[in-house]
Amino acid sequence: MKRGPQQRENKLLSKKGLLETIQKSFRTLKNNGKHKDLKISPFDCLMSATAMFNLKSPSLLAFDQATKEEPLCQNLKNLYGVEHVPCDTYMREMLDEVDPQALRQSYLAIFNKLQRGNFLEQFKFFGGYLLACDGTGVFESEKVHCKNCCEKRHRDGRITYYHQLLAGAIVKPDVAQVIPLCPEPIYKHDGADKNDCEINAANRFLDNLKCEHPRIQATCTFDALFANAPFINRLRERKLDYIIVAKSGNNPSLFEWISGIKLREIQLDVNGNLYKFRYINGIPLNNTKDAPEVNFFECEATEVDGKRTLVKKFSWITSHKITDSKIHTLMLGGRAKWKIENETFNTLKNQGYQFEHNFGHGKKYLHTIFALLMVLSFLIDQVQEASDGLFRAALQKVKTRRALWEKIKIFFYGFLIESWDHLFKAIVFGYKHTKIELNTS
């Protein structure tokens with residue numbers, strides 16, 4: 001069976017290689033003190049949950065029921081390193097005690113592996129990376145809650161409990177895949193009376209980024225909520241660049257300022273699409289004492305989409321000096337912020353990952369741990385899709401991601417699989433069908 005280079009497994013960034021990377025991280029976690037008399041470790045619970053999200057199981061109950069069958073248990077051992085598969089109750093109890101910060105190391109280990117393999121070179125943007133950031137809801141209920149839930153109190157006396165995440169992903173306008181970093185949970189921290197918020201979570205997220213990657217060069221994209229002096233000043237202190245959406249309702253002083261001065265104007269025709277730009281460098285964000293100087297640009301885009309012609313208007317502030325030669329790239333970078341919504345949140349919520357399904361809430365950290373493991377599984381899938389020829393060949397064979405997840409699930413639940421390489425080869429090149437043989441023993 002001969003295969004072209006595009007159908008070969010990437011050993012460094014293959015499913016096997018990536019799972020081995022997070023296995024090393026998970027093995028460092030110690031037993032939290034509960035169930036010392038049992039032999040199921042935090043590692044087995046974490047890897048079982050990772051497998052559940054990798055296999056796109058619709059619920060923890062469905063996954064638990066499937067583990068009662070021999071093929072899945074054996075495959076979890078062969079391909080995920082799970083020695084003892086926990087039941088759903090035990091998994092919930094064990095993972096509820098795991099500090100979400102403990103999972104940062106697994107994300108960091110994969111990121112370092114991507115850097116060593118030069119995988120991230122394709123994401124270069126102005127000499128660094130383009131980091132799209134945004135918040136999203138992951139849980140909301142009027143009944144189920146834990147001590148870390150934020151609360152929304154309604155006028156009629158009802159209380160809505162919720163969790164959110166501030167997520168950031170390395171993106172590139174012309175690259176389909178995204179590379180998520182470890183999300184920052186938005187929840188009440190120990191001893192806190194007030195709800196957490198996106199701004200606070202974003203500051204923690206960026207502090208962790210600079211702590212773990214002190215020399216990283218990044219341009220951060222945010223929506224208009226973050227176009228304020230304190231946040232931009234913090235970005236400057238961290239030596240991070242930015243492209244942030246600007247709106248007249250959020251930044252009235254800024255728009256009043258530019259209404260009274262003449263801006264540089266430039267018009268570009270790119271592949272039949274027309275872009276009219278106006279920009280100016282070095283103006284104050286507002287009229288307060290600590291107002292940072294920002295560079296402002298706006299764009300009116302007339303773009304052809306099939307038989308339709310769409311006209312859109314955008315405006316941003318940025319730390320990058322704007323020039324005629326850079327402005328189109330800056331515009332693409334600003335618009336790439338939507339990749340965190342479309343290619344990340346939308347995929348997690350609507351492409352089999354069940355991001356908004358409550359796999360278990362717990363009393364402490366369970367819901368957050370499940371959310372972080374789900375994003376970690378998404379990260380592994382994105383890296384494979386971008387780098388592994390055998391994975392891409394399997395995806396091309398079955399046409400859609402959903403079809404691929406279902407195909408993998410069928411193999412996992414019904415066949416004993418020797419390796420990930422064999423699994424993807426079976427999907428790409430076919431396999432010998434066998435008839436059902438009844439167990440008469």
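Specify which of the listed residues (Asn350, Asn346, Asn358) is open to solvent by 20 Å² or more (accessible area, probe 1.4 Å) and under 12 Å from the mean Cα position of the chain (by Cα). Show your work before the answer.
Working: Asn350 fails: under 12 Å from the mean Cα position of the chain (by Cα); Asn358 fails: under 12 Å from the mean Cα position of the chain (by Cα).
Checking each option against the conditions leaves just Asn346.
Selection of the stretch 112-124 for residues being open to solvent by 10 Å² or more (accessible area, probe 1.4 Å) and of a type outside the set (Asp, Glu) yields Asn112, Lys113, Gln115, Arg116, Gly117, Asn118, Phe119, Gln122, Lys124. Give me a count of the residues in the stretch 74-92 that are open to solvent by 20 Å² or more (accessible area, probe 1.4 Å), under 25 Å from Lys30 (Cβ atoms) and either outside any loop (DSSP other than H, G, I, E, B) or at pLDDT 95 or above (or both). Residues meeting the conditions: 5. Taken together, Leu61, Leu95, Leu18 contain a single residue that is surrounded by fewer than 21 Cβ atoms within 10 Å (Cβ to Cβ), part of a helix (DSSP H, G or I), in contact (Cβ under 8 Å) with a residue 24 or more places away in the chain and not small (Gly, Ala, Ser), which is Leu61. Screening Ala291 with (1) hydrophobic (A, V, I, L, M, F, W, C); (2) in contact (Cβ under 8 Å) with a residue 60 or more places away in the chain; (3) within 26 Å of Ala176 (Cα to Cα); (4) open to solvent by less than 50 Å² (accessible area, probe 1.4 Å) gives one miss only, at (3). In the stretch 317-335, the count of residues that are touching a Pro at 6+ places or on another chain (Cβ under 8 Å) and open to solvent by less than 60 Å² (accessible area, probe 1.4 Å) is one or more.
Determine whether the stretch 188-209 contains at least one residue that is open to solvent by 10 Å² or more (accessible area, probe 1.4 Å), among the aliphatic types (A, V, I, L, M), part of a helix (DSSP H, G or I) and closer than 23 Å to Phe355 by Cα. Steps first, answer last, please.
So in the stretch 188-209, the residues open to solvent by 10 Å² or more (accessible area, probe 1.4 Å) come out as 188-200, 203-204, 207-208.
Going one step further and asking which of them are among the aliphatic types (A, V, I, L, M), we end up with 192, 199.
So of that shortlist, the ones also part of a helix (DSSP H, G or I) come out as 199.
Subset that is closer than 23 Å to Phe355 by Cα: 199.
Yes, there is a match, as at least one residue in the stretch 188-209 is open to solvent by 10 Å² or more (accessible area, probe 1.4 Å), among the aliphatic types (A, V, I, L, M), part of a helix (DSSP H, G or I) and closer than 23 Å to Phe355 by Cα.
Taking each residue of the stretch 183-194 that is more than 16 Å from Lys363 (Cα to Cα) and looking for partners that are basic (Lys, Arg) and surrounded by fewer than 24 Cβ atoms within 10 Å (Cβ to Cβ) with beta-carbon atoms closer than 6 Å, six or more apart or interchain, yields Glu184/Arg204.
Determine whether Phe255 is closer than 24 Å to Phe111 by Cβ, of a type in the set (Phe, Trp, Tyr) and out of contact with any helix residue (DSSP H, G or I) (no Cβ under 7 Å at 6 or more places or on another chain). Steps first, answer last, please.
Values: closer than 24 Å to Phe111 by Cβ: no; of a type in the set (Phe, Trp, Tyr): yes; out of contact with any helix residue (DSSP H, G or I) (no Cβ under 7 Å at 6 or more places or on another chain): yes.
Answer is no for this residue.
The values are calculated or read from the model by the stated rules, or taken from the named source; none is laboratory data. Bear in mind the structure is a predicted one, so any value in this text is a computation, not a measurement. Using ideal geometry, Cβ is built from the backbone for each residue, glycine included, and neighbour counts are taken over all protein chains shown. Only protein heavy atoms, including side chains, enter the accessible area calculation; ligands, DNA and RNA are left aside. Shrake-Rupley method; radii C 1.70, N 1.55, O 1.52, S 1.80 Å.
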